Amino acid sequence: MNERASVLNGGVSYVRPSATSPWGTFIAQVERAAPFLGPLSYLTETLRWPKRVLIVDVPIEMDDGSIGHFEGYRVQHNLSRGPGKGGVRFHPAVTLEEVMALAGWMTVKNAAINLPFGGAKGGVRIDPKALSSKELERVTRRYTSEIGPIIGPQKDIPAPDVNTDAQIMAWMMDTYDMNTGLASTGVVTGKPVHLGGSLGRVKATGRGVFVVGCAAMRRLAMPVEGARVAIQGFGNVGSVAADLFAGAGARIVAIQDSGGAIANANGLSIAELAAHRHREGGVSGFPGGETIEREAFWDIPCDVLIPAALEGQLTAARAARTTARLVLEGANGPTVPEADDILASRGITVAPDVICNAGGVTVSYFEWVQDFASYFWTEDEINDRLARIVLDAFEHVWEMAAKRNVPLRTAAFILACERILKAHAERGLYP
Ligand code: GLU
């Protein structure tokens with residue numbers, strides 16, 4: 001196989017990645033693993049070319065009678081190992097380049113954890129906070145109809161991501177079922193439990209961050225009890241990780257969200273903070289901590305740093321400043337490649353997103369399996385299996401990193417790319 005040379009190092013010509021942009025970051029991460037792939041390394045070129053990119057117009061009637069147009073995407077990055085799998089994000093900054101990178105990270109994540117899925121991701125460029133519930137439902141249903149031809153339980157299975165939740169998954173499933181005449185619960189995961197969802201799915205990503213975090217801390221001989229933890233993001237991932245770490249005796253010393261940042265060297269009360277966020281819409285002004293400048297979050301003395309918001313947050317400058325010994329990537333793609341190098345040179349361990357935040361898609365896999373079987377497991381069974389799967393993957397990656405003398409991210413990419421490219425080679429090219 002003699003695959004075409006890349007354009008601008010990012011493969012395809014329809015985006016222009018930079019060294020710190022999401023697709024540029026993903027490609028750099030693939031490139032770092034490529035030299036370790038032996039006879040498969042010539043196939044890494046395929047990872048620069050998403051299999052399928054769909055851009056859709058999502059027009060809806062707004063509550064005031066006007067028509068709003070929103071841009072939506074679904075990218076299937078690679079389907080060699082199974083149907084596409086990955087969330088749908090609603091955010092005002094969503095771009096095609098970002099969704100491509102997020103789909104690429106899903107390909108690698110699903111392979112690193114060894115789930116029988118390829119990688120996909122979707123997004124709509126909207127500010128969901130500016131929409132009414134009815135408008136949000138219309139956006140969700142029209143977007144689902146537009147991507148309908150390429151999704152399905154055995155084609156591509158969406159799930160929640162930033163600003164999407166179980167209600168949005170219920171609307172997506174219902175729309176798909178109305179359009180196809182099927183009653184297929186397995187078309188999306190992260191659904192409400194009484195509609196074929198799985199127990200434990202809502203907290204699964206944050207739980208996975210905690211489980212991987214504890215395993216990494218064991219390896220680094222860092223006690224969890226008393227550890228100082230700083231978290232960027234207090235959404236579905238950050239708030240659950242905060243709660244579990246606090247419950248294990250760690251001190252949550254700072255939290256930053258999109259509206260501000262707060263700190264308390266003695267540890268923030270997570271239950272009180274969650275109530276405050278529920279009332280006020282953000283962590284700002286929480287009386288149980290000191291309000292600090294958002295940028296000052298990165299200077300707060302801590303042992304563990306958990307970026308659990310958006311990609312590209314851990315820049316080179318912030319990597320040079322952090323006092324953490326361990327970074328747990330709750331978000332997808334939070335660390336740019338130059339920051340990775342700085343962290344490595346400072347002896348700071350990074351538990352990479354493709355392992356650290358894989359608890360969510362792992363329980364999505366359980367949900368999909370339960371839907372096919374129409375037989376549902378207990379929450380304890382789910383949490384036990386989740387812990388076993390992510391810990392097993394983490395230990396494999398840790399051993400690979402030691403054997404190859406590379407950071408954990410590169411080790412995870414080596415393991416994952418071996419699986420993806422082996423599947424690609426065995427399938428061969430059609431025609
Ligand atoms: N959005 C989550 C992620 O980035 C979960 C995806 C899924 O469950 O399919 O991993």
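The values are calculated or read from the model by the stated rules, or taken from the named source; none is laboratory data. These numbers come from a predicted model, not from an experiment. Every residue, glycine among them, receives a Cβ derived from its backbone with ideal geometry; neighbour counts consider all protein chains shown. When the accessible area is computed, the model is the full protein with side chains, heavy atoms only, and any ligands, DNA or RNA have been set aside. Shrake-Rupley method; radii C 1.70, N 1.55, O 1.52, S 1.80 Å.
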Sparse-neighbourhood loop sites, trypsin sites (Lys or Arg not before Pro) in the stretch 287-364 - DSSP loop, at most 13 other Cβ within 10 angstrom: Arg346
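Which value, in Å², gives the accessible area per residue of the stretch 57-102 when a 1.4 Å probe is used on the protein heavy atoms? Walk me through the numbers on the way to the answer.
Working: 1400 Å² over 46 residues.
Roughly 30 Å² per residue, with all protein chains present.
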DSSP-assigned coil residues among chymotrypsin sites (Phe, Trp or Tyr not before Pro) in the stretch 326-389, each with at most 13 further Cβ atoms within 10 Å: Tyr375
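What does the convex hull of the Cα atoms come to per residue for the stretch 296-431, in Å³? It would help to have the intermediate numbers written out before the result.
Numbers: hull volume 21.1 nm³, N = 136.
Given the Cα convex hull of the stretch 296-431, per-residue volume reads 155 Å³.
Over 20 Å between C-alpha atoms is what I'm after, so list which of Lys85/Lys191; Lys51/Lys422; Lys85/Lys134 land there.
On the way: Lys85/Lys191 15 Å; Lys51/Lys422 17 Å; Lys85/Lys134 27 Å.
Flagged as over cut-off: Lys85/Lys134.
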Chain lengthening between Ala320 and Ile292 when straightened (0.36 nm per residue, less Cα-Cα): 8.1 nm
Approximate spin-label separation His278-Ser145, in nm, with each point projected 7 Å along Cα-to-Cβ: 3.6 nm
Values of log10 I(q)/I(0), in the order q = 0.09, 0.10, 0.12 Å⁻¹, for the chain under a Debye, Cα-only, solvent-free model: -0.53, -0.66, -0.97
Calculated FRET value between Asp177 and Arg52, using beta carbons and R₀ = 35 Å, to 0.05: 0.95
For the stretch 388-395, 3J(HN,Hα) per residue [Karplus equation, 6.51 cos²θ - 1.76 cosθ + 1.60, θ = phi - 60°, Hz, x = Gly/Pro]: 4, 5, 6, 5, 4, 5, 4, 5
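Sort out the exposed loop GluC sites (Glu not before Pro) in the chain (DSSP loop, at most 14 other Cβ within 10 Å) and tell me the longest stretch that has none.
Working: sites that count: Glu3, Glu225, Glu293.
With a cap of 14 other Cβ atoms within 10 Å, the longest stretch comes to 4-224.
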Furthest towards positive pole of dipole, Ser184, Ala120, Phe234, structure part the chain, Cβ charges: Ala120
Sparsely packed chymotrypsin sites (Phe, Trp or Tyr not before Pro) within the stretch 1-106, loop by DSSP, other Cβ within 10 Å at most 13: Tyr14
The chain - share of DSSP beta bridges that are antiparallel (%, nearest 5): 55 percent
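As a test of the formula, what do you get for the chain when each DSSP H run with n ≥ 4 contributes -39,500 (n - 2.57) and the sum is divided by the residue count, at 222 nm and rounded to the nearest 500 deg cm²/dmol? Before the final figure, lay out the partial values.
Numbers: 13 runs with 180 residues, N = 431.
Only helices count here, giving -13500 deg cm²/dmol.
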